[in-house]
1. Among 87, 61, 42, which one shows the biggest mean-square fluctuation in a GNM of the chain, springs joining Cα atoms closer than 10 Å?
2. Obtain the nm distance between the two label points defined at residue 30 and residue 84 by a simple spin-label model: each point lies 7 Å from its Cα along the Cα-to-C-beta direction.
3. So how far apart, in nm, are the two label points at residue 37 and residue 178 if each is 7 Å from Cα heading toward Cβ?
4. If a/c stays under 1.5 just call it rounded; otherwise compare a/b with b/c (prolate if a/b is bigger, oblate if not). Do that for the range 26-93, with a ≥ b ≥ c from the square roots of the Cα gyration tensor eigenvalues.
5. Can you tell me which of 67, 177, 34 moves the most in a GNM of the chain? Springs connect C-alpha atoms under 10 Å apart.
6. In square angstrom, what is the accessible area per residue of the chain with a 1.4 angstrom probe?
7. Which whole number of Å³ per residue matches the convex hull of the alpha-carbon atoms in the chain?
8. What relative contact order, as a whole-number percentage, does the chain give when Cα pairs under 8 Å and 6 or more residues apart are counted?
Amino acid sequence: GTAVFLAVRHGFGRSSGWIFLIIYTLVRIIGACLQIATIYDPRNMSLYIGTAILNTVGLSPLELAALGLLSRSVSSIQNSHSTFLQPHHIKFIQLIVTVGFILAIVGGVKSSDSVTATGTFATQPLSQAAMGLFIVSYVLLAVSTILAYLNVSHAEEGERRLVYAVLVSLPFLLVRLVYSSNSIFSNNSDFNSLTVNVTIFLCMAVIMEHIIVIIYETIGLK
C-alpha cells in the first residue's frame, strides 16, 4: 500500500523508482502464495520452481528501484552542476538489470523442464548469465552512487536524501546479492533453490529486502 501511495505521489515513471517497489511487492506476494501452495500439493514441482524463480528475480526490482531514485538525484545535480555521471548512464544500468530479469525467468523455466525430465534441479547457463548481469549492475550502481554522493551538494535538498538512502541500502543489497549468487553458482545445499536453509534465507534475503524497502519508503514519505 505504501509503495502505491509513493508511486501516485511521486510518479510512476522508471526514473522515479517507486514503480519498482510495487513490482517487488507483487513478486513477493505471488512467491509467498506459491510457497504456501506447496504445503497442500507437495509433489507439484512447478510450485517449487515458481517460488525459486521469483526468489531470484526479486533482486532486480530492488536494484531498479535504487537506480530510479539515483536517477532523480543525478537529474537534480545536472540542473546546476555538470558531472561525468549522466541520467543516460543510469538508464544503461537499468537496461542491464532488465535483461538479467528476463534471462532469470527464462533460465528458471528451463530449470523446471530439467526437473521434469531428470528429477533433479540443475542451474541453467541463462540463470548464471542473469546473476552475472545482476552482479555487474550492482558494481555499476555502487560506483554511480559514490559519484552522486561526491556531488550531492549540488542537488536540491529533497533529492539529496535519495542519494543517502541508496548509499545506506548498498550493504544490505550486497548481502542479498551474495545470497542469490550462492544459490546460482554454489553447490551448497543450504543455498539450493529446492533445499533452502530457512534461517540463512531469512537472514540474508528476507530481512535484507525488508530493510531496503523500509529505507526507500521512509525517504519517500519524507
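1. Top of the fluctuation ranking is 42.
2. 3.9 nm
3. Result: 3.4 nm between the two label points.
4. Prolate.
5. Judging by the Gaussian network model, the answer is 34.
6. In whole numbers, the chain has 48 Å² accessible per residue.
7. Hull volume normalised by residue count: 106 Å³.
8. Computed value for the chain: 21 percent relative contact order.
The values are calculated or read from the model by the stated rules, or taken from the named source; none is laboratory data. Note that the structure is predicted; figures quoted are calculated from it, not measured. All Cβ positions, even for glycine, are placed from backbone atoms using ideal geometry, and neighbour counts span all protein chains on display. Quick note on the areas: whole protein, heavy atoms, side chains included, nothing else; ligands and nucleic acids left out. Shrake-Rupley method; radii C 1.70, N 1.55, O 1.52, S 1.80 Å.
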